[in-house]
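**Student:** Let me begin by handing over the structure; questions about it come next.
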Amino acid sequence: MIHYLIVILEHDSAPFCCYDVKERGGPGLIPLDVLEKSVSFAIKNAIPVNFLCGNTALPPGYEELIASVDHVRMVPLARARSGEEAVFIIDGEEDLAHAHVLETGGLNNVILRVGKSEVPSLPSTVERLLGRFRRLNVILKEPGGFAEEDFSAYADALEDVRRILAGEYRKGSFLEISTLSDRVFLTNMNNCNAGTAHLTVAPNGRFYLCPAFYYENGEDCLAGPDDAVEIRNARLLTLENAPVCRNCDAWHCKRCVWLNRRLTSELNTPSHEQCVLAHLEREASRRFLEEIGRECGLNDRVTPIPKLDYLDPFDIISDRSRSPGEKEEHFARLLSRPLEDVPVSDLLRQIYTLDPGMLARLKELNSAVVDLEDGQ
Ligand code: SF4
């Protein structure tokens, strides 16, 4: 079920996620008729649109079309106007130099793109932006290029950001910094879900799983402007068909299908890099909750985050010294933890509501077959 549409208004639109814009200076603005089709698609399907903006000022016909649909603009901060309502993208010094555009004390939603070399300065960037965002979405650029020393630099940076955020919570300022606070408040997987929750229309009018697929290879589309969108092997996009991810509780992880395909050649298999980075964030979130949970009254309201003995679930899955039963127990204990305090009768009722057949299967597993002859 698609919940929203992403429309890339021009080829050089600001990237909002881990991908980069290839061949800058390529085709310019999305043609007006393509924008019109995209907006009609969204209106027909009753979904909002995220418009990815670049530096080009939009001609009037464009503005009217954009205004005709429920939407959010994603704007590079360097070209944002004071008081503008948008999701602001900060990608490097040029954008940061415009931090004053973000009103202090406002509800700004900001995306901060961070490259490998910028990781050590992440805490000072967060400090520089304090008071100017309500939510800061930290996005690591090209995480596929991270090596062991980069993981360690990221763990150190997260540790410092954790201290900054804890200081804010102590003052009663409950900000969101995606890499630290998201996992604390989630109760289940909350991934990017490209292709299942959103689709993208590029300036060429074609549909893609997400902008990253367009920039990597424009031919890698799902449908042309006038075709029905059909996703081949759509089941590979779902959590149920992701054998590593369905054993994981790094619920805030993007589970980026573009990175998966790029680094493992499988849409549903995450790379080591993606798993380690998500687990470093999970551990920083665990320490954050441990530090301020009681003080800020969170402990009674959120499920504790258990400490793990791995940074990549695949290390457990591929560990030959553990039997299949031991691996199953390892993950089952982890994933069932948030349900431990729910009375069994309630759990069984919930299972029945979700899938009555599951109760029959559970009974089969737990009831011995009676052999009358054996009892003689
Ligand atoms: S699949 Fe999702 S997480 Fe990955 S690049 Fe595309 S939008 Fe970002």
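Only the coordinates and a few stated rules stand behind these numbers; no lab work does. Quantities reported herein were computed from a predicted structural model and do not represent experimental measurements. In this analysis, Cβ positions are derived from the backbone assuming ideal geometry, glycine residues included, and neighbour counts consider all displayed protein chains.
**Student:** Do any trypsin sites (Lys or Arg not before Pro) in region 1-107 lie in a loop, going by DSSP, with at most 10 other beta-carbon atoms within 10 Å of their beta carbon, and if so which?
**Tutor:** Qualifying residues, ordered by number: ARG24, ARG81.
**Student:** In terms of Cα to Cα distance under 28 Å, which lysines are near enough to LYS363, apart from those fewer than 8 places away along the same chain?
**Tutor:** LYS327
**Student:** For region 61-103, max minus min Cα coordinate along each principal axis, in Å, sorted largest first?
**Tutor:** 33, 18, 16
**Student:** Taking region 225-283, how much of its Cα-Cα pair set, in percent, is spaced more than 19 angstrom apart?
**Tutor:** Tail fraction, whole percent: 32.
**Student:** Quick one: among GLY131, GLY325, GLY167, which has the greatest mean-square fluctuation in a GNM of the chain with alpha-carbon springs under 10 angstrom?
**Tutor:** Maximum fluctuation in the GNM of the chain, among the listed residues, is at GLY325.
**Student:** Using modelled amide H (1.01 Å from N, peptide plane; none on Pro or chain starts), what sits under 5 Å from the amide H of GLU10, excluding residues fewer than 5 places away?
**Tutor:** Long-range HN contacts for GLU10: ILE30, GLY54.
**Student:** Follow-up question, since we're still on this one. Would you kindly calculate the translational diffusion coefficient of region 227-338, applying Stokes-Einstein with the Kirkwood radius from alpha carbon pairs, for 37 °C and a viscosity of 0.692 mPa s, and quote it in µm² s⁻¹ without decimals? Please report the intermediate quantities before stating the final value.
**Tutor:** Details: Rh = 15.7 Å.
Taking Rh from Cα pairs, D becomes 209 µm²/s.
**Student:** In percent, how large is the relative contact order of region 4-185, given Cα pairs closer than 8 Å and 6 or more residues apart?
**Tutor:** That works out to 17 percent.
**Student:** Moving on. Loop only per DSSP, at most 16 neighbouring Cβ atoms within 10 Å: give me the chymotrypsin sites (Phe, Trp or Tyr not before Pro) in region 275-331, ordered by residue number.
**Tutor:** Working: sites: PHE288, TYR310, PHE314, PHE331; in loops: TYR310.
The qualifying sites are TYR310.
**Student:** Which longest run of the chain has no exposed loop site in it, a site being GluC sites (Glu not before Pro) in a DSSP loop with at most 15 other beta carbons within 10 Å, and the site itself not part of the run?
**Tutor:** On the way: sites that count: GLU23, GLU84, GLU85, GLU103, GLU219, GLU230, GLU266, GLU295, GLU340.
Between exposed loop sites, the widest span is 104-218.
**Student:** Karplus couplings for region 80-93 from phi (6.51 cos²θ - 1.76 cosθ + 1.60, θ = phi - 60°), rounded to Hz, Gly and Pro as x?
**Tutor:** 7, 9, 4, x, 5, 9, 6, 8, 9, 10, 10, 9, x, 4
**Student:** Now for a different question. How would you classify region 54-210 from its alpha-carbon gyration tensor, with a ≥ b ≥ c the square roots of the eigenvalues: rounded for a/c under 1.5, else prolate if a/b is greater than b/c, otherwise oblate?
**Tutor:** Note, shape of region 54-210 comes out prolate.
**Student:** Does region 1-72 classify as rounded, prolate or oblate by the C-alpha gyration tensor (a ≥ b ≥ c root eigenvalues; a/c under 1.5 gives rounded; else a/b over b/c gives prolate, otherwise oblate)?
**Tutor:** Details: a/c = 2.13, a/b = 1.32, b/c = 1.61.
Because a/c hits 1.5 or more and a/b fails to exceed b/c, region 1-72 counts as oblate.
**Student:** Compute the relative contact order of the chain as a whole-number percentage, counting only Cα pairs closer than 8 Å that sit 6 or more residues apart in sequence.
**Tutor:** 14 percent.
**Student:** Then there's this: Ranking VAL257, VAL21, VAL370, VAL201 by Cβ neighbours within 10 Å, fewest first, what do you get?
**Tutor:** VAL370, VAL21, VAL257, VAL201
**Student:** With a cap of 10 neighbouring Cβ atoms within 10 Å, and only residues DSSP puts in a loop, list the trypsin sites (Lys or Arg not before Pro) found in region 232-337.
**Tutor:** Here the sparse-neighbourhood loop sites are ARG232, ARG301, LYS307, ARG320.
**Student:** Within 10 Å of each residue's Cβ, count the other Cβ atoms and sort ASP70, ASP371 from fewest upward.
**Tutor:** Listing ASP70, ASP371 from fewest to most nearby Cβ atoms yields ASP371, ASP70.
**Student:** Rounded to the nearest angstrom and ordered from largest down, what semi-axes does the equivalent ellipsoid of region 118-224 get from its C-alpha gyration tensor (root of 5λ)?
**Tutor:** Taking √(5λ) for each Cα gyration eigenvalue gives 32, 18, 13 Å.
**Student:** Follow-up question, since we're still on this one. Quick check: convex hull of the Cα atoms in region 44-144, volume per residue, rounded to a whole Å³?
**Tutor:** Dividing the Cα hull volume of region 44-144 by its residue count gives 124 Å³.
**Student:** Reported to two decimal places, what Rg/Rh ratio describes the chain when computed on Cα atoms with Rh from the Kirkwood expression?
**Tutor:** Value, to two decimals: 1.01.
**Student:** Taking R0 as 45 Å, what's the FRET efficiency between SER336 and HIS98 from their Cβ-Cβ distance, rounded to 0.05?
**Tutor:** 0.45
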